[in-house]
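To start, the structure under review is shown below, and the notes come after it.
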Amino acid sequence: MHHRYRKWWAYAFVTPAMIGLLVFWLIPLCFAFALSIMKWDGFGEKTFVGFNHFIDQFQNPVFQTAVINTVYYTVLTIPPGIAIALLLALALNKIPGKNVYRVFYFMPVVTSSVSVGIMWIWILNGDFGILNTLLGYIGIEGPNWLSDANWVIPAIAMLGIWWGLGFNIVIFLAGLQGISRSYYEAAEIDGATPLQKFVHITLPLLSPTTFFVTVMAVITSFQVFDQVFVMTQGGPGRASHVMVLHVYETAFQNGQFGASAATAVVLFVIILFFTLMQFKVSRRWVHYEG
């Protein structure tokens with residue numbers, strides 16, 4: 001096939017994805033930025049207000065609570081979530097039938113968020129939940145997880161770790177299978193212990209995979225919404241009120257679409273900042289083979 005025709009075939013295959021990106025991502029993003037400096041209730045005329053929405057939101061105690069809760073949730077989910085996924089991936093990489101286990105661990109990722117939320121409401125119930133029942137067997141009296149302001153974010157974080165575990169395991173397994181066996185064989189000849197092989201071979205060569213998982217985990221954790229909306233509606237009080245829930249309530253309950261867009265823009269900037277910081281710091285610890 002002539003080179004010119006191959007080029008047009010490439011454009012033909014890329015075009016649907018580009019149209020989807022334009023319609024469902026770029027245009028809404030630009031509209032959100034424009035709306036953030038407007039006052040609009042969803043029906044009437046839009047009024048230009050400049051950066052008033054941003055100033056009001058930063059002074060709003062509810063917005064401040066949402067930011068704190070979102071960061072708290074992120075801190076609770078990312079380190080243990082990545083560590084557990086890595087340990088399970090290391091275990092699954094050495095046992096037969098790893099594809100079967102991979103399917104089982106990945107099932108929560110493709111399960112309806114509403115179904116998962118309802119299931120975990122029962123698990124975390126303070127009176128007859130499975131978790132408190134198991135804790136009772138070892139003499140620990142569990143709290144009423146979703147009704148206690150001190151425990152509601154950790155409870156939702158447990159769900160977040162469990163829900164994202166399958167995705168992270170699959171990615172880590174792919175990374176582990178991409179490490180050449182020759183590195184380990186050379187280390188064994190030199191008398192390296194399993195721990196030394198893990199520290200000096202597995203972790204450095206798996207660092208690009210770990211970097212990808214970390215970036216995706218940060219983005220996902222800052223966008224937490226489904227489980228909070230289904231399980232607590234931001235309660236008790238505002239103890240589990242997170243940023244995306246604040247965006248939703250400001251727009252669809254209070255009718256303040258401009259202020260909601262301003263909150264969404266702030267969230268976008270926060271995610272962008274942390275993502276760029278990770279890319280900058282990654283130069284120090286991410287090692288690419290070859």
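Read-outs: derived from the displayed coordinates by stated rules, not from any lab. Here the structure is a predicted model, which means the values were calculated and not measured. Cβ atoms come from the backbone with ideal geometry, glycine included; neighbour counts cover every protein chain shown.
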Seminar exercise, completed: Mean-square fluctuation maximum in Gaussian network of the chain, Cα pairs under 10 Å, restricted to Gly81, Gly139, Gly234, hits Gly139
Exercise. Which whole-angstrom value gives the distance between the alpha carbon centres of the range 183-219 and the range 136-160?
Worked result: 34
Seminar exercise, completed: With x for Gly and Pro, the residue-by-residue ³J(HN,Hα) of the range 141-154, computed from phi through the Karplus equation 6.51 cos²θ - 1.76 cosθ + 1.60 at θ = phi - 60° and given in whole Hz, is 8, x, x, 7, 3, 8, 10, 9, 4, 7, 10, 5, 5, x
Exercise. Which lysines, on any chain, are close to Lys94 with Cα under 28 Å apart, when same-chain ones fewer than 8 places away are left out?
Worked result: Lys197
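Neighbouring Cβ atoms within 10 Å as the yardstick, rank Trp285, Trp151 fewest first.
Lowest to highest Cβ neighbour count: Trp285, Trp151.
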For this session: Identify which of the listed values of Rg and Dmax of the Cα atoms in Å was calculated from the structure shown: [x] 23.1, 75; [y] 18.3, 61; [z] 20.0, 60.
Result: [x]
Seminar exercise, completed: Sorted by chain and number, the residues with a modelled amide H under 5 Å from that of Lys39, at a separation of 5 or more or across chains, are Thr47, Phe48, Val49
For this session: Mind giving me the nanometre distance, one decimal, between the label points for His200 and Ile68, set 7 Å out from Cα along Cα→Cβ?
Result: 4.7
Exercise. Among Asp41, Asp226, what is the fewest-to-most ranking by other Cβ atoms within 10 Å?
Worked result: Asp41, Asp226
For this session: Please find, in a Gaussian network model of the chain (springs between Cα atoms separated by less than 10 Å), the residue of Ile55, Ile169, Ile121 whose mean-square fluctuation is greatest.
Result: Ile55
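Given charges of +1 on the Cβ of Lys and Arg and -1 on the Cβ of Asp and Glu, with all other atoms neutral, how large is the dipole of the range 165-258 about its Cα centre, in debye to the nearest 20?
Approximately 140 debye in magnitude.
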For this session: Report, in debye and to the nearest 20, how large the dipole of the chain comes out about its Cα centre when Lys and Arg carry +1 and Asp and Glu carry -1 on their Cβ.
Result: 1080
Exercise. Hey, in the GNM for the chain with a 10 angstrom Cα cutoff, which one of His53, His200, His246 fluctuates hardest?
Worked result: His200
For this session: Would you pull out the residues with amide H under 5 Å of Ser240's amide H, same chain only if 5 or more places away, H placed 1.01 Å from N?
Result: Gly235
